[in-house]
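Since the structure comes first, as structure tokens, the remarks are kept for the end.
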Amino acid sequence: MSFPLSSFDSDDLTCFDIVRALFGLTDNELEVMVCINHNKPVDVKGITKIIRKDRASIVRSIQRLMDVGAVKKEKVSLERGGYKFLYYTHPIPEFRDRLMELVLRISDRMKTAISGLSEEKCEEMYLNVLEKYNSLKL
């Protein structure tokens, strides 16, 4: 998912826009995340009752959310034997603090990169472009 950072310079910006961009989430993944947050703890069956998508799609979204650290799971034993997984989001204050830290870290790195902009860097980039296209066989 690609987006211009300038799109963040808007009065319509929401925290969900930022979460989506920071973690590269799809709309489906974001929907699953807010569903888990509202219904925590919840299993896959509970999510599919709310978000009427196939189980495999929900499971892929959950896995992606766990990969980026937005969702965690807990294995729960069933009374009749077996087990199931329940999914949780982190507490909102904890998640908010994590997002703030990430935004500040990214902002510092962007400032450092921008401060390195110079005529020499632009010339170097231009030479790289020339090299790339001059090496192509036509």
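The values are calculated or read from the model by the stated rules, or taken from the named source; none is laboratory data. Remember, predicted model here, so these are calculated numbers, not experimental data. So basically every Cβ, Gly included, is an ideal-geometry build from the backbone, and we count neighbours across all protein chains shown.
Identify all residues within the range 14-49 that are more than 18 Å from LYS84 (Cβ to Cβ) and surrounded by 17 or more Cβ atoms within 10 Å (Cβ to Cβ); write none if there are none.
VAL19, ARG20, PHE23, LEU25, GLU29, LEU30, GLU31, MET33, ASN37, listed by residue number.
ARG52: assigned by TED's automatic domain parsing to the domain that holds PHE3, surrounded by 16 or more Cβ atoms within 10 Å (Cβ to Cβ) and of a type in the set (Lys, Arg), yes or no?
Values: assigned by TED's automatic domain parsing to the domain that holds PHE3: yes; surrounded by 16 or more Cβ atoms within 10 Å (Cβ to Cβ): no; of a type in the set (Lys, Arg): yes.
Judged against the criteria, ARG52 is not a match.
Of all residues in the range 1-55, which are of a type in the set (Val, Ile, Thr), in contact with a Leu (Cβ under 8 Å, 6 or more places away or on another chain), without any contact (Cβ under 8 Å) to a residue 60 or more places away in the chain and in a helix (DSSP H, G or I)?
VAL32, ILE36
Might you check whether a residue that is part of a helix (DSSP H, G or I), of a type in the set (A, V, I, L, M) and outside the structural domain of VAL19 (by TED's automatic domain parsing) occurs anywhere in the range 111-119?
Taking every residue of the range 111-119 in turn, at least one turns out to be part of a helix (DSSP H, G or I), of a type in the set (A, V, I, L, M) and outside the structural domain of VAL19 (by TED's automatic domain parsing).
Which condition from (1) closer than 19 Å to SER107 by Cβ; (2) modelled with pLDDT of 95 or more is the one that THR48 breaks?
(1)
Quick check on this structure: which one of LEU5, LEU86, LEU78, LEU104 is more than 13 Å from the chain's Cα centre (by Cα) and surrounded by 13 or more Cβ atoms within 10 Å (Cβ to Cβ)? Spell out the reasoning first.
Details: LEU5 fails: surrounded by 13 or more Cβ atoms within 10 Å (Cβ to Cβ); LEU78 fails: surrounded by 13 or more Cβ atoms within 10 Å (Cβ to Cβ); LEU104 fails: surrounded by 13 or more Cβ atoms within 10 Å (Cβ to Cβ).
It is LEU86.
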